[in-house]
Amino acid sequence: AASPTSSVTSSTSSPAAPPPTSTAPSLVPPADAKGLLLGLPELGEIIGDTDLKESQSYAEPQLMAGKIDPYNCRYRAIASSSGMSLGNPAIAGNVSRGVGGQSATQAVAIFEKPEEVAEALKTIKHQWGLCPNGDIFFIEVGSENLRWVPYPISDEGGRLGTTIKRDGLPRNCHHVAVGKANAVVETTVCGDGDGAPPANVIADRILAKIPG
């Protein structure tokens, strides 16, 4: 009699699919805010001035800094005076000036959630717009009220920019606001040349330190 035989069927199973990778951005710890700021030698190289000295450092929104009329024009003129006041971000900023009269402000606000960055930039753009293009405003310096003129706001993929100029003089300041991950970076550069390129370079170098 024939013996029964067992038939064994072998099969090759496909490897399990790898788990999905997370695309969530890396968040900046609040304690790292000050470490994102550039050093004075690097700032001097960017703005084209020497022997920079820090004239102010701060860790809170600059809501009352300077005497500006009308009040709403302070948002255009002063970094950290607008969107950085939303919520309770960790803030680090400073103002520096060189012997040639160029000055630079750099500030970083670290929010709890990346979603708050978009809201902060939206607020900054809105509040810059409260100071109408072409309308003269005044900044009090000592016993003088200096006349300044705001120019149109740019928005290039979420990077905001605006220039204010001394009325009838070459002095101008360019203000940049941009976000990455859970951080908002603001910079201003003031001088007799075009402040937009150095203000953007300062912002880019700070952004380069932020993961993601």
Q.
Please pick out the residue among SER80, SER96 that is part of a strand (DSSP E or B), crowded, with 19+ Cβ neighbours inside 10 Å and in contact (Cβ under 8 Å) with a residue 12 or more places away in the chain.
A. SER96
Q. Name the pairs whose Cβ atoms lie under 7 Å apart, with the first residue in the stretch 38-56 and under 13 Å from GLN106 (Cα atoms), the second of a type in the set (S, T, N, Q) and not in a loop (DSSP other than H, G, I, E, B), and 6 or more positions between them or separate chains?
A. LEU38/GLN106; LEU40/SER96; LEU43/SER96; GLU54/ASN94; GLU54/SER96; SER55/SER96; GLN56/ASN94
**Q.** Members of the stretch 182-210 found to be under 28 Å from GLU112 (Cα atoms), assigned to a helix (DSSP H, G or I) and of a type outside the set (A, V, I, L, M), listed by number
**A.** ASN200, ASP204, ARG205
Q. Out of all the residues in the stretch 43-64, which are closer than 24 Å to PRO152 by Cβ and in a loop (DSSP other than H, G, I, E, B)?
A. GLN62
Q. Would you pick out the residues in the stretch 113-134 that are touching a residue at least 60 places away in the same chain (Cβ under 8 Å) and open to solvent by 80 Å² or more (accessible area, probe 1.4 Å)?
A. LYS113
Q. Only one of (1) in contact with a Lys or Arg (Cβ under 8 Å, 6 or more places away or on another chain); (2) more than 13 Å from HIS175 (Cα to Cα) fails for TRP128. Which number is that?
A. (2)
Q) Does ALA120 satisfy the criteria of being closer than 27 Å to GLY44 by Cα and of a type in the set (Gly, Ala, Ser)? A) no
Q. So which residues in the stretch 99-112 are assigned to a loop (DSSP other than H, G, I, E, B) and open to solvent by less than 30 Å² (accessible area, probe 1.4 Å)?
A. GLY101, PHE111
Q: Determine, yes or no, whether ASN88 is modelled with pLDDT of 95 or more, surrounded by fewer than 21 Cβ atoms within 10 Å (Cβ to Cβ) and not hydroxyl-bearing (Ser, Thr, Tyr).
A: no
Q. For the stretch 136-192, how many residues are among the aliphatic types (A, V, I, L, M) and under 29 Å from VAL28 (Cα atoms)?
A. 10
Q: Considering every residue within the stretch 24-31, establish whether at least one is loosely packed, with under 10 Cβ neighbours inside 10 Å and modelled with pLDDT under 65.
A: yes
Q) Taking the condition exposed (fewer than 15 other Cβ atoms within 10 Å of the Cβ) and in contact (Cβ under 8 Å) with a residue 12 or more places away in the chain, does PRO70 pass? A) yes
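The values are calculated or read from the model by the stated rules, or taken from the named source; none is laboratory data. These numbers come from a predicted model, not from an experiment. We place every Cβ from the backbone using ideal geometry, glycine too, and count neighbours over all the protein chains shown. Heads up: the accessible areas ignore ligands, DNA and RNA and are worked out on the full protein's heavy atoms, side chains in. Shrake-Rupley method; radii C 1.70, N 1.55, O 1.52, S 1.80 Å.
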